[in-house]
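Chemist: Supplied in structure tokens, the structure appears directly below.
What follows is calculated from the coordinates using simple rules that are stated; it is not laboratory data. Only a predicted model underlies this, so the values are computations on that prediction, with no experimental measurement involved. As a convention, Cβ positions derive from the backbone with ideal geometry for all residues, glycine included, and neighbour counts pool all protein chains shown.
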Number of protein chains: 2
Amino acid sequence: MITNDTICAISTAPGSAAIALIRITGSKAYDICNNIFLPANKKKELQKEPANSLIFGTIKDKESKRDIDEVILSLFRAPHSFTGEDIIEIACHGAPFIQNEIVNLLIKNGARLAQPGEFTQRAFINGKMDLSQAEAVADLIASQSESSRKVAFQQMKGGISSELLTLREKLLWFISMVELELDFSEEDVEFADRNELQNLVAEIKEHLDRLVNSFTLGNAIKHGIPVAIVGHTNAGKSTLLNTLLNEEKAIVSEIHGTTRDAIEDVINIEGVTFRFIDTAGIRETTDKIENLGIKLTYDKIKKAQIVLLLADVNDPDNKIQEAISQVSEKIDFKNQQLIVVINKSDLLTKEKIEKRFSTPAYKELKEKVSAIITVSAKYHNNINLLIEELLKTVNLNAINQNEVIVTNARHYEALSNALESIIRVEEGLENEISGDFLAQDIREVLHYLGSITGQISTDEILGNIFKNFCIGK
Amino acid sequence: MITNDTICAISTAPGSAAIALIRITGSKAYDICNNIFLPANKKKELQKEPANSLIFGTIKDKESKRDIDEVILSLFRAPHSFTGEDIIEIACHGAPFIQNEIVNLLIKNGARLAQPGEFTQRAFINGKMDLSQAEAVADLIASQSESSRKVAFQQMKGGISSELLTLREKLLWFISMVELELDFSEEDVEFADRNELQNLVAEIKEHLDRLVNSFTLGNAIKHGIPVAIVGHTNAGKSTLLNTLLNEEKAIVSEIHGTTRDAIEDVINIEGVTFRFIDTAGIRETTDKIENLGIKLTYDKIKKAQIVLLLADVNDPDNKIQEAISQVSEKIDFKNQQLIVVINKSDLLTKEKIEKRFSTPAYKELKEKVSAIITVSAKYHNNINLLIEELLKTVNLNAINQNEVIVTNARHYEALSNALESIIRVEEGLENEISGDFLAQDIREVLHYLGSITGQISTDEILGNIFKNFCIGK
């Protein structure tokens, strides 16, 4: 990839709008714009205008003598810009036709159309941010909830980087001591106090362990927490979803799920995204097609973090209890939650409900599942209890206290590898293995940690990261 | 409508993107932004920064102590801004979630969500542009071809305004003379030389006439030239459309037409938009459903400016000739063009084609229609001739020579009314009617001309104009 030419792209969303932004970065940004821009104030010269200033004028195709549009340019100068290079942003009228005309004109005058993420890649190459921060830029743009925005923003501001930097620095001191020993190996000295080192390794292991474990939460925050809804349509699924929406003034959207034909309801509740996955029923059957439906239901249950079993207060007790038992069998209670929601509670009095659901049979089931809640989706009764249960799966404290949370699968993999290596270091220290083996394991830890922040990277890794960015960023 | 509060809106297209722009205008723009913005350079103060400068920092909800996003603000100050008021533009990361958070924060701090077109309306109210220029802003944003962009841009730069201003000034001098006469009516003096006035009125009439007549072209440029394609599917309609596309490297898009279920192919050819409307066949039939299809075809022919009758060189001559005659009957040759395209010419030699289509029967038909062209859509033969014929309907010279072209139906109506009134003035002068009647007709002309530029306007007119703008402009 060429990284020193001048690139341009439309940076705002496609479509017709009041304003669109076209971005140019590179050493020739000013020369190229000077060729196609005429300041309204004829005394002004683009190249002599101060950095971080705005200038009004006309985009002109000097060759065909056409005025294309009246625009405002934002002028940034290297190294004090997003990419670290000269940047000009053209704010034009937001007709797609005009946006394309200006981009074509820029290309005709020597710019190249930017690849996805190429602006951010330049920021990384020019040392304006490390790799994990660059990745956070994409996460921030993709964020759909307060928690995902918050975690991405924190990472972009260097959250995980600073944590890893500290760990890495400690390890570097560690390895320099061990390697010093190797230089003096014939003299059998120990520059690195093994007890101190053991403490350090334990500390690093604890850090890595916490980061690796945070990925479950991080992944849920980033992609939404999958909630499988099991139950018959007449149990009031859509009313319940609508009620959750209204109660939370939540944003709802229908997104195409990872499977080709699944459409999910996505609801933000207190800043956390939940992906509600509808499933077929659960009753046992001999019918072949029905069986297929049931298999699909169980597949979806397997992928969910929360299973919401929805029953109707009109259902007879044995039917409800059987459903709970049946679903419980399919659930991994270590990693999954089963919430039983009995809807239409408005059809019974409070006393009758209390009496009905405090029988020994229900009490026994209650101990198995996370909660049995009676609600009236229609009259918004006890919805707050359901929301509480849903939010219990998310460690909101961790988010609110700005703890570093890993959301990126690449980071998770590197951290897991680093953890494995640090455990080998720990074992090595216990077994008093020789310094060169120790050094090798430490080097591995350093490698994995360095790959997250990009101190160690390959073109392939960079290519994979930036190809998923949007154009213009 | 309140016009002195501070308003805000997202000005870029909806959806996820690298960057989004949020715009705030009004006297409190700086106070409100100061409440939610923390400059990265702590020494800087938003309110003391120079106009037309950029400032980097963080959007912060000071109440909940949340950092929302890192942004760049563009600072404009009254009266040197688009609206003539203080304006701040916030360039944030383009996640819809973040855009909404920032807008909500602005509203919480005292801004109001802008109505469609409210920014431009303020520019009009504050005298930054006249009404026809404001309308051109919306046209520019909606422009889909070079010709529509060009005409809108010219109007935004004051094309029609300056033409009308000149006419209006001449008329104002005229009426002041006539009214002076009325003051001295008992003395029977003539301050306004009737011959000179007659020349002036003739000149104005000619101007108005030209402007009114330009609307046919203007309307075609703005909305695209409707081309009804008549002919059977196997005559190669889609190959022909694709060939036109490739030949012209034209932009194609499918838009929903004005009728609910009609989808049109829109192709830009040499900067002019053509809307190709597919129709059913044309042969006479007794079948009821077929008859309905034929009625629809004739309805579409009526609305088209060009009718393109597509035949297959394999069709027998009598079938082709009959089709031409049949369609000709339905065409108003004064306002419509019939182009006969005989496709698949590659199936015959050039000599055979020449011989076949120079029979007396074809010669007679050729005189009736605009052109009979044999083409091969597949092998791109003679497509240039077809393009020539299509472009004949458009007066490209008028566009290229920057003549003022009326594209706006409201302007057309006002100009037509002004033309009617000026004709009455002309007749009045011929019939030597009294000064007060003359003055009344002149006042009407002044009224209609003033309504175009907005010197005369009502809240209702303004409401109708700006409600069709996009939000954020």
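Chemist: Between A:LYS157 and B:ILE107, how high is the FRET efficiency from 1/(1 + (r/R0)^6) when r is the Cβ-Cβ distance and R₀ = 30 Å? Nearest 0.05.
Modeler: 0.70
Chemist: Tell me, B:HIS207, B:HIS232, B:HIS93 in order of fewest to most beta-carbon neighbours within 10 Å?
Modeler: Fewest-to-most ranking of B:HIS207, B:HIS232, B:HIS93: B:HIS232, B:HIS207, B:HIS93.
Chemist: A further question follows. For chain B, find the longest principal axis of its Cα atoms and tell me its angle to the long axis of helix B:96-108, 0 to 90°, nearest 10.
Modeler: 40 degrees
Chemist: Let me ask something else. Using +1 on the beta carbon of Lys and Arg, -1 on that of Asp and Glu, and nothing else charged, what's the dipole of chain B about the Cα centre, debye to 20?
Modeler: Using Cβ point charges on Lys, Arg, Asp and Glu, chain B gives about 2720 debye.
Chemist: Please identify every one of the chymotrypsin sites (Phe, Trp or Tyr not before Pro) in segment A:145-232 that sits in a loop by DSSP and has no more than 16 other beta carbons within 10 Å of its own beta carbon.
Modeler: Those satisfying the criteria are A:PHE184, A:PHE191.
Chemist: Taking H placed 1.01 Å from N in the peptide plane, check which residues at least 5 places from B:LEU310 or on another chain put their amide H under 5 Å from its amide H.
Modeler: B:VAL230, B:GLY231, B:VAL341
Chemist: Further, regarding this structure: Label position 7 Å from Cα toward Cβ: report the copy-to-copy distances for B:LYS363 in nm, one decimal, ordered from shortest.
Modeler: Those separations, rounded to one decimal, come out as 11.0 nm.
Chemist: So what's the gap between the Cα centers of segment A:265-280 and segment A:193-245, to the nearest angstrom?
Modeler: So the two Cα centres are separated by 15 Å.
Chemist: Could I ask something else about it? Residues of segment B:408-422 with amide nitrogen under 19 Å from the 7 Å Cα-to-Cβ point of B:GLU203?
Modeler: Under 19 Å, as judged by backbone N against the label point of B:GLU203, lie B:419, B:422 of segment B:408-422.
Chemist: Let me ask something else. Semi-axes of the equivalent ellipsoid of the protein assembly as shown: what are they in whole Å, largest first, if each equals the square root of 5 times a C-alpha gyration tensor eigenvalue?
Modeler: Its equivalent ellipsoid spans semi-axes of 63, 39, 33 Å.
Chemist: Against the longest principal axis of chain A, how steep is helix A:317-329, in degrees 0 to 90 to the nearest 10, with axes from Cα atoms?
Modeler: The two axes meet at around 50 degrees.
Chemist: Which percent of Cα pairs goes in each bin when the distances of segment A:322-399 are cut into 5 angstrom slices starting at zero?
Modeler: That works out to 3, 13, 22, 22, 20, 12, 6, 2, 0, in percent per bin.
Chemist: Of A:LEU438, B:ILE229, A:ILE7, whose Cα points farthest to the positive end of the dipole of the protein assembly as shown (charges on the beta-carbon: +1 Lys, Arg; -1 Asp, Glu; origin at the Cα centre)?
Modeler: So the residue furthest toward the plus end is B:ILE229.
Chemist: Follow-up question, since we're still on this one. For label points placed 7 Å from Cα toward Cβ, what is the shortest-first list of nm distances from A:PRO14 to its copies?
Modeler: List, nearest first: 1.7 nm.
Chemist: Also: What is the helix-to-structure angle for A:383-392, meaning the angle in degrees between its Cα long axis and the longest Cα principal axis of chain A, kept from 0 to 90 and rounded to the nearest 10?
Modeler: On a 0 to 90 degree scale, this one is about 60.
Chemist: Indicate the gyration tensor shape class of segment A:393-473 (rounded, prolate or oblate), computed on the Cα atoms with a ≥ b ≥ c the square roots of the eigenvalues: a/c under 1.5 is rounded; otherwise a/b larger than b/c is prolate and the rest oblate.
Modeler: The shape class here is oblate.
Chemist: Report, as an integer, the average count of C-beta atoms from other chains found within 10 Å of each Cβ along B:140-149.
Modeler: 5
Chemist: Which whole number of Å³ per residue matches the convex hull of the alpha-carbon atoms in chain A?
Modeler: Dividing the Cα hull volume of chain A by its residue count gives 210 Å³.
Chemist: Using only alpha carbon pairs under 8 Å that are at least six residues apart, calculate the relative contact order of chain B and give it in whole percent.
Modeler: 17 percent
Chemist: Same structure, new question: Given the options B:LEU106, B:ILE331, A:GLN401, identify the residue whose Cα lies farthest towards the positive end of the charge dipole of the protein assembly as shown (+1 on Cβ of Lys, Arg; -1 on Cβ of Asp, Glu).
Modeler: B:ILE331
Chemist: Let me ask you something else. Work out how much length A:MET177 to A:SER358 would gain on full extension: take 0.36 nm times their residue separation and subtract the Cα-Cα distance, in nm to one decimal.
Modeler: Value of the extension gain: 58.6 nm.
Chemist: I would also like to ask the following. For the protein assembly as shown, what is the charge dipole size about the Cα centre, in debye to the nearest 20, if Lys and Arg each add +1 at the Cβ and Asp and Glu each add -1 at the Cβ?
Modeler: Charge dipole, the protein assembly as shown, about its Cα centre: 1300 debye, nearest 20.
Chemist: Shifting gears a bit: Given H placed 1.01 Å from N in the peptide plane, which residues other than close sequence neighbours of B:GLY94 have an amide H under 5 Å from its amide H?
Modeler: B:ALA17, B:ILE19, B:ALA20
Chemist: Taking the Cα centre as origin and putting +1 on Lys and Arg beta-carbons and -1 on Asp and Glu beta-carbons, what dipole magnitude results for segment A:63-157, to the nearest 20 debye?
Modeler: The dipole magnitude comes to about 160 debye.
Chemist: Still on this model: Give the calculated FRET efficiency between B:THR166 and A:ASN468 to the nearest 0.05, with a Förster radius of 51 Å applied to their Cβ-Cβ distance.
Modeler: Taking R0 as 51 Å, the efficiency between B:THR166 and A:ASN468 is 0.35.
Chemist: Now for a different question. In whole Hz, with x marking every Gly and Pro, tabulate ³J(HN,Hα) for segment A:152-163 from phi via Karplus 6.51 cos²θ - 1.76 cosθ + 1.60, θ = phi - 60°.
Modeler: My calculation for segment A:152-163 gives 5, 4, 5, 5, 5, 6, x, x, 5, 4, 5, 5 Hz in order.
Chemist: Per residue of A:169-182, what is the mean number of Cβ atoms on other protein chains within 10 angstrom of that residue's Cβ?
Modeler: 0
Chemist: Enumerate the calculated ³J(HN,Hα) couplings along segment A:416-422 in order (Karplus 6.51 cos²θ - 1.76 cosθ + 1.60, θ = phi - 60°), each rounded to whole Hz, writing x wherever the residue is Gly or Pro.
Modeler: The phi angles translate into 4, 5, 4, 5, 4, 5, 5 Hz.
Chemist: Let me ask something else. Using a label position 7 Å from Cα in the Cα→Cβ direction, what is the ascending list of nm distances from A:GLU329 to the same site in the other copies?
Modeler: 7.7
Chemist: I'd like the mean, over residues of A:5-16, of how many other protein chain beta carbons sit within 10 Å of each residue's own Cβ.
Modeler: 4
Chemist: Another question, if that's okay. Quickly estimate the mean residue ellipticity at 222 nm for chain B, helices only: each DSSP H run with n ≥ 4 gives -39500 (n - 2.57), and the total goes over all residues, rounded to 500.
Modeler: Theoretical 222 nm ellipticity from helices: -15500 deg cm²/dmol.
Chemist: In percent, how large is the relative contact order of segment B:7-129, given Cα pairs closer than 8 Å and 6 or more residues apart?
Modeler: 32 percent
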